[in-house]
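Asks: This is the structure I want to talk about, given as structure tokens.
The values are calculated or read from the model by the stated rules, or taken from the named source; none is laboratory data. From a predicted model like this one, the values you see are computed outputs, not experimental measurements. Please note: Cβ atoms are built from the backbone with ideal geometry, for glycine as well, and neighbour counts cover all protein chains shown.
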Amino acid sequence: MALPLTYNVRNVFIRWRATLATVLGVALVVAVYVLVQSLAIGLEKSSRNTGDPRNVMIVRKGSTAESSSIITRDQFKIVEYLPQIDQDTNGQPLVSADVVVLISLPRRESNGEAHVLFRGVSPAGIDLRPQVSLVAGRWFTPGKREVVVSRRLAARFANFDIGNKFKIASKELTVVGWSDGRNSAFDSEAWMDADEVRALFDREQYSSVLARVSDPAAARELIERVESDKRLALRADLEVKYYSAQTMTAIPIKILGKFLATAMSIGAIFAAMNTMYASVGARTREIGTLRVLGFRRRTILMSFLIEGAFLALIGGVVGCLFSLPMHGYSTATISLESFSESVFQFRITPLLAAKGLLFSIAVGLVGSLFPAMRAARLPVIAALKAV
């Protein structure tokens, strides 16, 4: 004969003072777990949300990111006129040779400095990235040392307001616009003319080439053509796949989240165990009465396990609610691919919340196991005589 679930639910709420500490302990563990994992999800989403499926990204073989890639002008001339690349209405190839450089700039409110990724784009570069839109000001004019910065970077760095000027390589640049990359990796970049970047930093080479193709078949042909040409020593992939693979930064954050959750869960398990031991001690006669009424040991064991899991589940729900206000909050970290400031958002997904709840139930079950075994083993006569 099984005990009704209402018995366990009522016990949790009747002894609310004794269980409050356990609920808050589990809630804290779940909140930390969800928030740290939401950082990793936000970073991964930023990378996977970047690119156009019609574009092919070309970089040097062996490079892990654009910042470590070099494409010579001769290589670009070969790639630029490959037949697989689509053309605009004027018959010009839809291709952009980009230059990527890292520049150390001061953060707002004198909060130190950090590297900002500056992307020099060719005239077609803006059109090849339709997910990037101008939200304030105007696009830069080539030859005038003008810059368009991400509005999320503008919120974090000094001198990034429209009309502000700042110096790099002893040259003064002017911010003329703010862009929005729709929560992509482009939200961590500042854009200007590619030839100006090459002139400012005395660069003869490019960092990458972005090319537009008409269909998936042309994309496959272009990728095979680039990688099989021994003159080039380049590798190519769809732009969306290239950025999707740029998730190295999320790995240590995931590891940190699991480590913190494991360490804190030990404390939560002991808190749940203490609460359940106290509950067993206070309900000794009640347990004896249940045995006299015909409830078996395994039924009482299961009942206390369910009660502990329910108690921890409440803590899990509270922990998820604690973390929910951070959903969508913008923050930044150092990208392990480019070593620049990477802007992203906390992402608390339904799947992550479900994992947090399952984690809380596991904590409750482990913490309740030994108290439940003690309750099930209580002798009937001794339990009835307990005061």
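Rundown of residues vs (1) closer than 29 Å to SER335 by Cβ; (2) surrounded by fewer than 22 Cβ atoms within 10 Å (Cβ to Cβ); (3) in contact with a Ser or Thr (Cβ under 8 Å, 6 or more places away or on another chain), yes/no style:
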residue	(1), (2), (3)
THR50	yes, no, yes
PRO53	yes, yes, no
THR64	yes, yes, no
GLN87	no, yes, no
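Asks: Starting from residues that are out of contact with any helix residue (DSSP H, G or I) (no Cβ under 8 Å at 6 or more places or on another chain) and farther than 15 Å from VAL135 by Cβ, keep the ones in the stretch 148-163 and report whichever is modelled with the lowest pLDDT.
Replies: In this case the residue turns out to be ASN159.
Asks: Just give me the residues in the stretch 313-332 being at pLDDT 85 or above and of a type in the set (S, T, N, Q), in sequence order. Break it down stepwise before answering.
Replies: First, the residues of the stretch 313-332 that are at pLDDT 85 or above: 313-327.
Listed by number, the list holds a single entry, SER323.
Asks: Still on this model: If I go through the stretch 126-184 residue by residue, how many of them are surrounded by fewer than 20 Cβ atoms within 10 Å (Cβ to Cβ) and among the small types (Gly, Ala, Ser)?
Replies: The total comes to 10.
Asks: Can you find, within the stretch 338-371, the residue that is farthest from SER104 (Cα to Cα) among those that are surrounded by fewer than 19 Cβ atoms within 10 Å (Cβ to Cβ) and not aliphatic (A, V, I, L, M)?
Replies: Among those residues, the one meeting the criterion is PHE370.
Asks: Give me the pairs: first residue in the stretch 144-172 and hydroxyl-bearing (Ser, Thr, Tyr), second residue in a strand (DSSP E or B), beta-carbon distance under 8 Å, and six or more apart or on different chains, which are they?
Replies: SER150/TRP178; SER150/SER179; SER150/ASP180; SER150/GLU189; SER150/ALA190; SER150/VAL343
Asks: What tally of residues in the stretch 87-130 results from selecting those that are assigned to a loop (DSSP other than H, G, I, E, B) and more than 34 Å from the chain's Cα centre (by Cα)?
Replies: Selection size over the stretch 87-130: 5.
Per-residue answers, yes or no, for (1) farther than 19 Å from LEU200 by Cα; (2) of a type in the set (S, T, N, Q); (3) modelled with pLDDT under 95:
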{"site": "ASP88", "(1), (2), (3)": "yes, no, yes"}
{"site": "GLN92", "(1), (2), (3)": "yes, yes, yes"}
{"site": "ASN111", "(1), (2), (3)": "yes, yes, yes"}
{"site": "PRO123", "(1), (2), (3)": "no, no, yes"}
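Asks: Which one of these is modelled with pLDDT under 70 and small (Gly, Ala, Ser): SER279, SER265?
Replies: Answer to the check: SER279.
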